[in-house]
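Before any comments, here is the structure.
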Amino acid sequence: MHEDGQNLDLSFPKIPAGEKETPLNLNRLLYKGGASTRIDKAEKAIREGLLGEVIFDRIPFVQLSHTYISDSLAAGGSAQTARVQIRELTEFFNWADRHSAELTVSGIINSYLEWSDYLLHRCKVAKSINQQTIYSRARMVGQIIDKALERTKPILRATRIKRPNPRKTPRGAKADKQNLDETFKFGRFVQDICDGLPLEVIWKDHHVRIQLQQGGELEYRFSNRTPTTEKRRSAVNKANLALAAYKANRSLDHRFRRDMVNLRMQAELLMFMAQTGMNLAQAQNISLYRFSYSSDIDGYKVREYKPRRKGEVLFEIFSEYRSHFERYLEWRRKIFPETEKRIFPFIRVHGAHESGRLHFGALKSACKLSGVKWITPSALRSTRINWLLRRSGDPEITAEMAQHHAKTLLTVYEIPSQQRAISEIVRFHVSNDPALVDKAILLAAAPGACDGIPTTSSEKPISAPEPDCRSPSGCLWCDHHRDIDTLDYVWSLASFRHLKIIEVGKEPLKKGKDQSVSPAEHSVDRLTEKLKFFRESKSIRRDWVEESLMRIEEGHYHDQWSYIIESMEGEIK
């Protein structure tokens, strides 16, 4: 081997590596076939001459690439970004080795253009990769070439690869509902895993069964190869001794116990992200503090506890999540030593560094076994942001909760909703079209429909609300209000009735001979009459009523009323 090739320092000391992890470097890119060799085996292959001689023409470009990535790290760039840059550059060299493309300073541009055509073929013809992926890869490698060659114009512009169309396709009502249903199902699944792995299971059980709300169970065993036949008595004894040692040794030395701990922490991390809105990198590396909680509008601001003064707000959570979070912290403190400072101290395999990207392998496998759709952290965060945006209708508030600028939220995260757009268009025309003002073609404020101006029904009690097209309760005694013969409408009626029952429960107790009936009580009676009519009219309507009442008992409220109900129930708690 040539001395120059041996003495080149192409390592990255600023990229952290685990105890058993091979530090990243670019040395293998100097050899033909080096890019396709695993980095942990490349050094040995180079020493033994398995990769041949250094290709000296490659040295200038590889050195320039190394300088660019190292300078970016020194300037405060992300180590994770540097890892991606090295990975994509290695893939480019791997392609060049297979196609005998030139990797010299003078020939790198032509090779890059040929590689971009290869990526485009995979996207447009082979359909094995999508437009966003090839754009990201070409842009990442193109940036390295631009900086290495000091180009004034991005080389990416010379290719046929274009940025994916930023225009977002609106989702219809059915797609919106399916997306939320899958997310809620995934949320219940994650909750089942958190509930199914308490301390006693972690320390003692060698056969773990996690019961699932959707039916069925997740099953994990200490060993799937424990012999049970008399013909192998010695093997049985050996297995029993290993099992006894596992139960007696309360440590994380055994792989099965580490797998169970990591599985729960992966589930807890996703639940934490869904509550706080943090991205994966933030949530994965947040430190453990002694927390203090201060009440907020619909939850808590969580700070580091500091005597006599309030610390900086670390994150915000919904009120219902606090007890779950405290339970997890107690579980975590009893498993990990006090020297471990992260909230989610994952046990890395093969000594990988704690800052390495988390792939959620255990949780993905559990989803596959249970038939639950895997929701990625980014998709989970996106669903949360869009749910908040639709509930609040205020991009500024939603952006603040999601830790974004409003422009970023609207251009990157917002997913257009066809259902919401239709509602907004109808409301706009009802309010602004002179041809419709007199006809009052309105959306009812209450569940149901409206085909006229507010007209008080003769059946309205004196103390019941007056119809005014603004108060939902007023619609219940309006001659122009219309019931709708669907399950969704009955569910909305039941949810609205539940809201009014909560409102009645919050009213002050009546004193003395006061027998007056409040407007909320009248509303409850009227809604009960409507549900009774649906129950007694047809068998299918009776099924609708029973299904709706069952949903209310489970805390699953109609979208039209859920945010108000949840807010009022939070105040009662």
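Annotations
- Unmet requirement for Arg163, which otherwise passes all of (1) free of Cβ contacts under 8 Å to residues at least 24 places away in the same chain; (2) surrounded by fewer than 13 Cβ atoms within 10 Å (Cβ to Cβ); (3) within 31 Å of the chain's Cα centre (by Cα): (1)
- Residue selected from segment 202-242 under the condition part of a loop (DSSP other than H, G, I, E, B) and of a type in the set (D, E, K, R), by the criterion modelled with the highest pLDDT: Lys204
- Residue list for segment 51-79, restricted to those being of a type in the set (A, V, I, L, M) and touching a helix residue (DSSP H, G or I) at 6+ places or on another chain (Cβ under 8 Å): Leu51, Val54, Ile55, Ile59, Val62, Leu64, Ile69, Leu73, Ala79
- Matching option when the condition is out of contact with any strand residue (DSSP E or B) (no Cβ under 8 Å at 6 or more places or on another chain) and either over 15 Å from Ile202 (Cα atoms) or modelled with pLDDT of 75 or more (or both), among Glu312, Glu326, Glu304, Glu316: Glu326
- Residue within segment 7-26 that is β-branched (Val, Ile, Thr) and in a loop (DSSP other than H, G, I, E, B) present: yes
- For segment 521-542, a residue qualifies if it is touching a residue at least 40 places away in the same chain (Cβ under 8 Å) and either of a type outside the set (Gly, Ala, Ser) or in contact with an Asp or Glu (Cβ under 7 Å, 6 or more places away or on another chain) (or both), and the qualifying residues are His522, Arg526, Leu527, Lys530, Leu531, Phe534, Arg541.
Table: residues versus (1) assigned by TED's automatic domain parsing to the domain that holds Ala75; (2) closer than 9 Å to Val54 by Cα; (3) at pLDDT 80 or above; (4) surrounded by 15 or more Cβ atoms within 10 Å (Cβ to Cβ).
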{"position": "Asn7", "(1), (2), (3), (4)": "yes, no, no, no"}
{"position": "Gly18", "(1), (2), (3), (4)": "yes, no, no, yes"}
{"position": "Pro23", "(1), (2), (3), (4)": "yes, no, yes, no"}
{"position": "Asn27", "(1), (2), (3), (4)": "yes, no, yes, yes"}
{"position": "Tyr31", "(1), (2), (3), (4)": "yes, yes, yes, yes"}
{"position": "Asp40", "(1), (2), (3), (4)": "yes, no, yes, no"}
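- Condition met for Thr104 (in contact with an Asp or Glu (Cβ under 6 Å, 6 or more places away or on another chain), within 21 Å of Met140 (Cα to Cα) and in contact (Cβ under 8 Å) with a residue 40 or more places away in the chain): yes
- Pairs with Cβ under 6 Å, 6+ apart, first in segment 471-489 and more than 16 Å from Ile453 (Cα to Cα), second crowded, with 22+ Cβ neighbours inside 10 Å: Leu487/Trp544; Tyr489/Pro447
- Pairs where the first residue, in segment 544-573, is within 14 Å of Ile502 (Cα to Cα) and the second is of a type in the set (S, T, N, Q) and at pLDDT 85 or above, C-beta under 9 Å, 6+ apart: Ile552/Ser495; Tyr557/Ser495; Trp561/Ser492; Trp561/Ser495; Ser562/Ser495; Ile565/Ser495
- Residue check for Arg482: at pLDDT 90 or above and closer than 24 Å to Asp559 by Cβ: no
The values are calculated or read from the model by the stated rules, or taken from the named source; none is laboratory data. Nothing here was measured: the structure is a model prediction, and the numbers come from that model. Positions of Cβ are generated from backbone atoms using ideal geometry, with glycine treated the same way; all protein chains shown enter the neighbour counts.
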